[in-house]
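*Asks:* I have a structure here, written as structure tokens, and I will follow up with some questions on it.
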Amino acid sequence: MDKFTQIRQEIAAKKADALLVSRPANLSYLLEFTDYEGLIIITPQQVYLYTDGRFFAEIKALVPQFVIVDRAQISLVQFLVQQQIHQLIIEPDFLNVSTFRQLNHQSWQLLDSSNLVEKIRMVKTSAEIARVQKAAQIADQVFEETLNYLKPGVSELAVANEMEYLGKKLGASATSFATIVASGIRSAMPHGSASDKLIAEHELVVLDFGFVYHGYDSDITRTVAVGSVSEELQEVYQLVLAAQRATIDQIYLDQPLKAIDAFAHDYIAQRGYGPQYMHGTGHSVGRECHEYPTLNAASTEVLPAQMTFTIEPGIYLPHQGGVRIEDDLYLDNTGQVHMLTQASKDWIEL
Ligand SMILES: [Mn+2]
């Protein structure tokens with residue numbers, strides 16, 4: 001079913017007259033082009049793009065079926081009054097205060113979208129999956145080439161910058177987020193951004209990175225050793241890898257996401273490292289690197305076919321080092337698992 005038909009069904013189910021879309025990733029998803037600045041108003045009959053002259057040509061070329069509303073000509077409130085809106089759905093997490101103040105108007109009631117578009121975005125078309133896959137393949141190749149560059153005496157930032165350059169040379173338009181290169185005791189910080197620290201012999205290095213290809217993100221983590229590291233860190237590596245593989249092996253369609261998360265946490269806790277695994281097990285990945293829904297204890301969704309997502313357990317030992325291993329994958333309509341990232345997960349000692 002077409003995404004606008006799905007959205008209109010949801011608008012009707014909420015007994016509303018219109019949805020005001022303001023979340024950037026929802027705008028780029030609906031328009032299928034990035035960098036649009038403006039709003040989208042979806043009513044049962046029409047899709048209106050409330051924006052300015054910079055975007056008129058692109059809209060006419062790419063989505064001529066949508067109606068342009070020139071914000072230089074009419075205020076948002078006047079426009080909505082003209083449309084006789086009584087119940088307006090908004091995206092409260094992505095609406096700025098000035099627009100919200102204008103929308104506080106006696107003509108209508110405001111309703112929360114409650115992830116209306118995000119829930120539709122969960123299930124990808126095969127064209128969307130192909131883009132995530134290409135973004136994942138770029139990440140795989142960057143990992144392989146980075147192994148030649150990672151050595152004692154090179155700073156984390158230098159490694160991160162080289163990785164970002166490699167990904168762009170391979171066709172990525174951007175990185176999914178600022179590349180994480182965390183070495184030695186810094187690898188025990190789950191989100192240690194790359195720093196000036198020089199990588200040294202006998203350290204673990206966590207590389208967490210991803211690339212954007214035609215608007216879709218990948219997200220991968222690999223952990224490698226530079227020289228030999230303690231037996232405990234090697235054991236922790238094998239435990240995280242076993243937990244990640246076991247979690248992926250037990251995944252099935254319609255499985256509650258919180259059950260996937262619980263499986264990974266139980267696996268690691270039963271082997272003595274429960275408190276050292278202090279984050280969720282994964283998240284959906286697509287138009288945004290971390291998009292709705294998250295695979296954690298609070299998740300209320302079940303796993304649909306064609307949702308691209310990550311599985312990324314980790315164990316972090318303060319003052320020693322940390323290990324995280326993350327892949328991107330999806331299940332097809334038959335429940336078959338497809339791994340999108342394929343970079344080696346063997347123990348690597350450089
Ligand atoms: Mn991730």
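*Asks:* Restricting attention to segment 262-279, does a residue exist that is part of a loop (DSSP other than H, G, I, E, B), β-branched (Val, Ile, Thr) and in contact with a strand residue (DSSP E or B) (Cβ under 9 Å, 6 or more places away or on another chain)? Don't jump to the end; show me each part of the working.
*Replies:* From segment 262-279, those part of a loop (DSSP other than H, G, I, E, B) are 270-273, 277-279; that's our starting set.
Checking the rest, the ones that are also β-branched (Val, Ile, Thr) come to none.
No, that holds for no residue.
*Asks:* Being away from the ligand (no atom under 16 Å from the Cβ), in a loop (DSSP other than H, G, I, E, B), surrounded by 15 or more Cβ atoms within 10 Å (Cβ to Cβ) and among the small types (Gly, Ala, Ser) narrows it down to one of 343, 298, 305, so name that one. So that I can check it myself, show each step before the final result.
*Replies:* Working: 343 fails: away from the ligand (no atom under 16 Å from the Cβ); 298 fails: surrounded by 15 or more Cβ atoms within 10 Å (Cβ to Cβ).
Sole residue among the options that is away from the ligand (no atom under 16 Å from the Cβ), in a loop (DSSP other than H, G, I, E, B), surrounded by 15 or more Cβ atoms within 10 Å (Cβ to Cβ) and among the small types (Gly, Ala, Ser): 305.
*Asks:* Tell me whether segment 308-317 contains one or more residues that are crowded, with 21+ Cβ neighbours inside 10 Å, in contact with a helix residue (DSSP H, G or I) (Cβ under 6 Å, 6 or more places away or on another chain) and under 19 Å from residue 140 (Cβ atoms).
*Replies:* The answer is yes, given that some residue of segment 308-317 is crowded, with 21+ Cβ neighbours inside 10 Å, in contact with a helix residue (DSSP H, G or I) (Cβ under 6 Å, 6 or more places away or on another chain) and under 19 Å from residue 140 (Cβ atoms).
*Asks:* I would also like to ask the following. Six or more apart or on different chains, Cβ under 8 Å: which pairs go from a residue in segment 278-290 that's within 16 Å of residue 172 (Cβ to Cβ) to one that's among the hydrophobic types (A, V, I, L, M, F, W, C) and within 11 Å of the ligand (Cβ to nearest atom)? Could you list them?
*Replies:* 285/309; 289/177
*Asks:* Okay, next question. Inside segment 120-238, counting only strands (runs of 3 or more DSSP E) that do not spill past its ends, which hold 1 or more residues that are among the basic types (Lys, Arg), surrounded by 17 or more Cβ atoms within 10 Å (Cβ to Cβ) and over 22 Å from the mean Cα position of the chain (by Cα)? Talk me through it step by step, then tell me what you get.
*Replies:* Values: elements: 180-183, 203-209, 211-213, 220-226.
Answer list for segment 120-238: none.
*Asks:* Test of understanding: among 283, 290, which residue is at pLDDT 95 or above and surrounded by 20 or more Cβ atoms within 10 Å (Cβ to Cβ)?
*Replies:* Details: 290 fails: surrounded by 20 or more Cβ atoms within 10 Å (Cβ to Cβ).
When all the criteria are applied, what remains is 283.
*Asks:* Still on this structure, I have one more. Condition first: touching a Leu at 6+ places or on another chain (Cβ under 7 Å) and buried (at least 20 other Cβ atoms within 10 Å of the Cβ). Now tell me which residues in segment 51-62 satisfy that.
*Replies:* The answer is none; no residue qualifies.
*Asks:* If you scan segment 35-81, which residues turn out to be out of contact with any strand residue (DSSP E or B) (no Cβ under 9 Å at 6 or more places or on another chain) and touching a residue at least 24 places away in the same chain (Cβ under 8 Å)?
*Replies:* Residues satisfying the conditions are 58, 62, 75, 77, 81.
*Asks:* Which of (1) surrounded by fewer than 16 Cβ atoms within 10 Å (Cβ to Cβ); (2) under 30 Å from residue 200 (Cβ atoms) is the odd one out, the single condition residue 268 does not satisfy?
*Replies:* Going through (1) surrounded by fewer than 16 Cβ atoms within 10 Å (Cβ to Cβ); (2) under 30 Å from residue 200 (Cβ atoms) one by one, residue 268 breaks only (1).
*Asks:* Hey, any hits in segment 260-269 for a residue that's at positive phi and away from the ligand (no atom under 16 Å from the Cβ)? Even if it seems obvious, please write down each step before you answer.
*Replies:* Here is the first cut: in segment 260-269, the residues at positive phi are none.
For segment 260-269, residues at positive phi and away from the ligand (no atom under 16 Å from the Cβ): absent.
*Asks:* Here is a further query. Can you confirm whether segment 245-258 contains a residue that is within 15 Å of the ligand (Cβ to nearest atom), without any contact (Cβ under 8 Å) to a residue 60 or more places away in the chain and outside any helix (DSSP H, G or I)?
*Replies:* Kept after step one, since they are within 15 Å of the ligand (Cβ to nearest atom), are these residues of segment 245-258: 247-248, 257.
This time we only want the ones that are without any contact (Cβ under 8 Å) to a residue 60 or more places away in the chain, so: 257.
Still in the running and outside any helix (DSSP H, G or I): none.
Within segment 245-258 (the criterion being within 15 Å of the ligand (Cβ to nearest atom), without any contact (Cβ under 8 Å) to a residue 60 or more places away in the chain and outside any helix (DSSP H, G or I)), the answer is no, since none of the residues qualifies.
*Asks:* For segment 322-337, which residues satisfy the criterion of being more than 16 Å from the ligand (Cβ to nearest atom) and either over 18 Å from residue 242 (Cα atoms) or part of a loop (DSSP other than H, G, I, E, B) (or both)?
*Replies:* 331, 332, 333, 334, 335, 336
*Asks:* Just the residues that are surrounded by 14 or more Cβ atoms within 10 Å (Cβ to Cβ) and either more than 14 Å from residue 19 (Cα to Cα) or modelled with pLDDT of 95 or more (or both), please, taken from segment 100-112. Quick ask: steps written out before the conclusion?
*Replies:* Within segment 100-112, the subset surrounded by 14 or more Cβ atoms within 10 Å (Cβ to Cβ) is 103, 105, 108, 110-111.
Across segment 100-112, the qualifying residues are 105, 110, 111.
Residue-by-condition table, conditions (1) touching a His at 6+ places or on another chain (Cβ under 8 Å); (2) of a type in the set (A, V, I, L, M); (3) touching a residue at least 40 places away in the same chain (Cβ under 8 Å):
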{"position": "125", "(1), (2), (3)": "no, no, yes"}
{"position": "149", "(1), (2), (3)": "no, no, no"}
{"position": "154", "(1), (2), (3)": "no, yes, yes"}
{"position": "209", "(1), (2), (3)": "no, no, yes"}
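*Asks:* Check whether at least one residue in segment 186-204 is without any contact (Cβ under 8 Å) to a residue 24 or more places away in the chain and among the basic types (Lys, Arg), and report yes or no.
*Replies:* Scanning segment 186-204 turns up no residue that is without any contact (Cβ under 8 Å) to a residue 24 or more places away in the chain and among the basic types (Lys, Arg).
*Asks:* Taking residue 311 as the residue in question, decide whether it is under 20 Å from residue 236 (Cα atoms), within 12 Å of the ligand (Cβ to nearest atom) and aliphatic (A, V, I, L, M).
*Replies:* On the way: under 20 Å from residue 236 (Cα atoms): yes; within 12 Å of the ligand (Cβ to nearest atom): yes; aliphatic (A, V, I, L, M): yes.
So residue 311 fits the description; yes.
The values are calculated or read from the model by the stated rules, or taken from the named source; none is laboratory data. Not measured: the values here are computed from a predicted model. Methodologically, a virtual Cβ is constructed for each residue, glycine included, from the backbone with ideal geometry; neighbour enumeration extends over all protein chains shown.
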